[in-house]
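Written below as structure tokens is the structure these notes are about.
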Amino acid sequence: MPSRYIDIAAEGGSFTAYLSGPPAGAAPGLVVIQEIFGVNPVLRAVAEHYATLGFRTLVPDLFWRQEPGVEITDRSEAEWQQAFALYQGFDEAKGVDDLIATVAALRARDDCSGKVGCVGFCLGGKLAYLMAARSDIDAAVGYYGVGIEGALDEAATIAKPLMLHIAEEDQFCPKEAQQQISDGLGGHDHVTLHSYPGRDHAFARTGGEHYDGGAATLAGDRTLDFLKANLA
């Protein structure tokens, strides 16, 4: 199936989402949740990669309420400042609502099997956690989520499988925060935690400063096995 953008209705308007997937047949759905750089080429490549693995993927534009169509390539200081300004102005609760609308849009498609998971990075890593806590998503995966330690009071509502990948040298999730996450979620029946020694934030972002092929491959294999097991 050729990849393309579609429109999704939401409270207050509508937003675009990048759709990709296998050429034919009903496939499990997967929402890919952005970092602070918008739906850029890196995220579209992630969606297309999962499409080749048999998932019907959607990447929603979560910054649409501030600035629709953001595509930051993480190459200059000005772009970094733009990304952090968007992050600081992001309405987290409305973002979760938009993700819930994205899940509903996927489930309503004839070419989706009905099971839908999500995988998120950075900002999207925390949003994946919140989706596990606040929605009926079938499975959720978060990579190096920022701020999860501040939302551990929501862990009691997690009823479906959640996997979190934690970079032990993450400059945005310090050791104290990692310990809080481990203490708060380590014994949870539905949560799986994986830590990556020596790895920094965004270790799985292809082309990024802290990209590590070994850790990215290991996390990717764990994620794929997890999604296949829970979205079949």
Which of the numbered conditions does K126 fail, given that it passes all the others? Conditions: (1) farther than 22 Å from A216 by Cβ; (2) open to solvent by 10 Å² or more (accessible area, probe 1.4 Å); (3) not aromatic (F, W, Y). (1)
Members of the stretch 101-120 found to be open to solvent by 20 Å² or more (accessible area, probe 1.4 Å) and over 15 Å from W64 (Cβ atoms), listed by number: A104, R107, A108, R109, D110, D111, S113, G114, K115
Those residues of the stretch 173-199 which are closer than 23 Å to D225 by Cα and open to solvent by 30 Å² or more (accessible area, probe 1.4 Å) amount to S182, G186, G187, H188, D189, H190, T192, L193, H194, S195, P197, R199
Residues that are in a loop (DSSP other than H, G, I, E, B) and crowded, with 20+ Cβ neighbours inside 10 Å: does the stretch 216-229 have at least one? no
Between a first residue in the stretch 214-230 that is of a type in the set (A, V, I, L, M) and a second residue that is open to solvent by 30 Å² or more (accessible area, probe 1.4 Å), which pairs have beta carbons less than 6 Å apart while being 6 or more apart in sequence or on different chains? A215/R199
Would it be correct to say that T57 is within 22 Å of F226 (Cβ to Cβ), polar (S, T, N, Q) and not in a helix (DSSP H, G or I)? yes
Of the numbered conditions (1) part of a strand (DSSP E or B); (2) open to solvent by less than 10 Å² (accessible area, probe 1.4 Å); (3) over 14 Å from A101 (Cα atoms), G29 satisfies every one except a single condition; which is it? (3)
Between E35, E79, E48, which is out of contact with any Lys or Arg (no Cβ under 6 Å at 6 or more places or on another chain) and at pLDDT below 95? E79
So, in the stretch 76-95, exactly how many residues are in contact (Cβ under 8 Å) with a residue 24 or more places away in the chain, open to solvent by 50 Å² or more (accessible area, probe 1.4 Å) and within 13 Å of G147 (Cβ to Cβ)? 2
Residue in the stretch 60-70 that is open to solvent by 10 Å² or more (accessible area, probe 1.4 Å) and free of Cβ contacts under 8 Å to residues at least 24 places away in the same chain present: yes
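The values are calculated or read from the model by the stated rules, or taken from the named source; none is laboratory data. Computed from a predicted structure; not experimentally measured. Virtual Cβ from ideal backbone geometry, glycine too; neighbours counted across all protein chains shown. Please note that ligands, DNA and RNA were not included when accessible areas were found on the heavy atoms of the full protein model with its side chains. Shrake-Rupley method; radii C 1.70, N 1.55, O 1.52, S 1.80 Å.
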